[in-house]
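FYI, it's all coordinate maths here, none of it is from the lab. Everything numeric in this text was worked out from a predicted model, so none of it was measured.
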Amino acid sequence: MILGMVILVSLILGVLIFSYNSMVRQQNIRAHHELIGEVAGMLAMTGVGLFAEKIDSSVNSIIMTMAPVLLSSVPTHIHDFGRIFPSNMRSNAKRFRSSSGAAFTSHR
């Protein structure tokens, strides 16, 4: 009789421990998946921020290397355009002038 009670209590404790272990394992898996989602979201936001920062800094560096005059000053006189536009561009622009001598005409 006592042996039967000990076996019955052991079986009940075994079932309770197994079910508790199963429940804790499922909660750990769910928490792990949520953490992976949060980390992926943080990495995506950080990546977008770094990408935007790189685009912002690279545009300025490209302009500074290719045409630093554009960021340094605004030409005020017609003679200042010689610094910005090379002579071959000025000579090519003369070909596109209309017969009246205006550089740009509207065709309406």
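Multiplying the residue separation of VAL59 and LEU35 by 0.36 nm and removing their Cα-Cα distance gives an extension gain of 5.0 nm.
Relative to its Kirkwood radius, the Cα radius of gyration of segment 2-66 gives an Rg/Rh of 1.66.
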